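Bear in mind these aren't lab numbers, they're just calculated from the coordinates by the rules spelled out. Just so you know, these numbers come straight off a predicted model, no measurement behind them. Ideal geometry is used to build each Cβ from the backbone, glycine not excepted, and the neighbour counts take in all protein chains shown.
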There are 2 protein chains.
Amino acid sequence: MEYTSDSSSDIANGLLIDISTAIMRVSDNELQCRVIDDDKGARDASPPPRLPFGPFMPNQHRTMEISVRQWVREQVGVDLGHVEQLYTFADQGRHIRDTAKDQHVVSVGYLALTNQVDIGDARDKSMWRNIYDFFPWEDWRHGTPACLAQLIIPALETWLADNPDAAERVRVAFGMDELQWDEEFVLERYEILYEAGLIDETFADRRIAEPPHHGVPGASLQLDHRRILATALGRLRGKFKYRPVIFDLMRAQFTLTGLQKTAEAILGVCLHKQNFRRMVEKSNFLVSTGKTEKARGRPAELFRFRHGQRADRPLSGLRVSSSRGRARR
Amino acid sequence: MEYTSDSSSDIANGLLIDISTAIMRVSDNELQCRVIDDDKGARDASPPPRLPFGPFMPNQHRTMEISVRQWVREQVGVDLGHVEQLYTFADQGRHIRDTAKDQHVVSVGYLALTNQVDIGDARDKSMWRNIYDFFPWEDWRHGTPACLAQLIIPALETWLADNPDAAERVRVAFGMDELQWDEEFVLERYEILYEAGLIDETFADRRIAEPPHHGVPGASLQLDHRRILATALGRLRGKFKYRPVIFDLMRAQFTLTGLQKTAEAILGVCLHKQNFRRMVEKSNFLVSTGKTEKARGRPAELFRFRHGQRADRPLSGLRVSSSRGRARR
DNA sequence: TATAATTATGCTCAAATTGAGTATAAATAG
DNA sequence: CTATTTATACTCAATTTGAGCATAATTATA
């Protein structure tokens, strides 16, 4: 048994590997991602922004993760916390870059978290964008997203009439019928919207000023970068529940409410305050600093993470109880 | 902000991408993986076996998953169930193949599950091996693995004396002190053993007959294939708990005990029978066939999976209660 | 200064889930 | 016929979860 090759011309050519990184932070209680607007302000018909990406150069970096960390350090001036490989995308016809020499480019997606929020914003053409600019249907913090009920579900039902085979997938991904909306299915939902032709990426890497907007709301990204971003969000939501990755998004000191707002931004749902507090306290990850933060009402206690425990230790019990759909008091 | 390249020589060269696949099945209540013994019986000094791998050819396959499915179909004659990309390994100096032309090879690991157990075994040099042949310390079904207590923990403690920075990682990965053994940390444990020099892979891809066995028990694989296999096992264990991937390892009909034995083979722990039964029944994934299977004692009811629900739907509640360490009645 | 509004924190309580059994049923082996 | 084996049903306490009420400590404002 062996994987054999009939035409070896494929191999001799070699491939390029791009590393594309979704760098995430939380600012103003919103999950944001760093994107680059190459032709910002240049013309009206500017292409959509993109994730920072660059070629992987095996001679210069021992591993891809080292590549990512070093690039981000040098180019963004940021030390990353959690860095995680997401997926290697090699789909033909899915906005993978093809170079002039006809070399295929495979793109490896990375998720990178930082807690450094005060880094140069207008220095170059890069900026922080709210993650839900790209996936408005994923944000349930203010109730059912308007675009979901008004646009997406009807459009999907129309599409399903011609594609009955996809019905079960769609039901599961979008929590239809008696099924629950699972916030981790970000990629599955994006893929379905893409297949159903409701996503504007089809026009994204050709210089069309304004895509014919029969699609669904949500900002586009170049190439397959929105897919990488969907993978990143889904992975972050999943990982959050059993590993303490949220800590890599927080500053040194924070209040429980701040922590909860970050969790809500990640998951795109509202959480029950008292239960969140109980769960966090039980997890034993926090240490009180003794200080308080004054704001509007009663001052909140400031916490920090327990020293030496930011490793990849299981965070049992961060399976957060959500009060999805409605903001609760 | 951009990832820039100083030396572009790196890029012009191009890279090769190998796809290596951990094909898993369950037979005789054991989780097995397909490996290839290239020089089987040739000489005494044969190299260790390897996973099936081959180059990814973007001109022939639209996606890598299609590649995997087609290769396995053609070469093994098996239709795969669940197929999942694991990780893309590009580490220098970590047994990544370098070709004669000095082209770097990046290897993409895949996990593939099959329920077809009766496929040619001696047809070529490939065979099924128990997964715990490669990771004996991961099998807790018969109590604490002997090699763990007798060899690994002492060796790690010695190693930690010179590498105190790794202490927290090791504690978490191996469940030392008050921490729990987490069966999902397969890769973390393997990586630590590798770093600590307790793994024989260092000798694996050079033709040394018998590696100087100061290491830890467990069969070697060529290149970085044992690392891929560790990733595969960890991912399978994790996924099992919240997605119904176990079904892709089962035959059309099976008993609850058979299902449990499969779950135990995956997780490497024993499970409480009555609670496993309760959990499975509640998940509503099974349908009785009305038939029974006669064996030793009381005949067991035969089940099949509910039609149309093998999709990637969440399997809430398969967070199995383990009676780790002891086989229970 | 008193009172309303706001935010944080403490506590309760029922429902659901989990962990660990006991009890009983239906077969085979001797 | 009896012991053994395996399957299945049921129980029960401990824990976890989901939801809410109650109280505390501030600021805003009348």
Report, for A:Asp177, each distance to the same residue's label point in the other copies, shortest first and in nm; define the point 7 Å along Cα→Cβ. 5.0
Quick one: which of A:Lys125/A:Lys294; A:Lys282/B:Lys273; A:Lys241/B:Lys125; A:Lys239/A:Lys273; A:Lys294/B:Lys239; B:Lys125/B:Lys261 span more than 32 angstrom between C-alpha atoms? A:Lys125/A:Lys294; A:Lys241/B:Lys125; A:Lys294/B:Lys239
Based on other C-beta atoms within 10 Å, arrange B:Lys239, B:Lys291, A:Lys294, A:Lys125 from fewest to most. A:Lys294, B:Lys291, A:Lys125, B:Lys239
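With r as the distance between the Cβ atoms of B:Arg306 and B:His142 and R0 = 30 Å, compute the FRET efficiency 1/(1 + (r/R0)^6) and round to 0.05.
0.35
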What spacing in nm lies between the two simple spin-label points modelled at B:Asn284 and B:Ala149, each 7 Å away from Cα in the Cβ direction? 4.4
From the label point of B:Gly297, set 7 Å along Cα to the beta carbon, how far off in nm is each other copy's matching point, shortest first? 5.7
Nitroxide proxy distance, nm - points 7 Å out along Cα→Cβ at B:Glu74 and B:Gln274: 5.4
Contour excess over end-to-end distance, with Cα ends at B:Glu157 and B:Met176 and 0.36 nm allotted per residue: 5.8 nm
When the Debye formula is applied to the Cα atoms of the range B:242-305, each taken as the same point scatterer, what base-10 log of I(q)/I(0) results at q = 0.30 Å⁻¹? -1.58
Quickly work out the B:Ala252-to-A:Lys294 label distance, labels modelled 7 Å from Cα along the C-beta direction, and quote it in nm with one decimal. 7.5
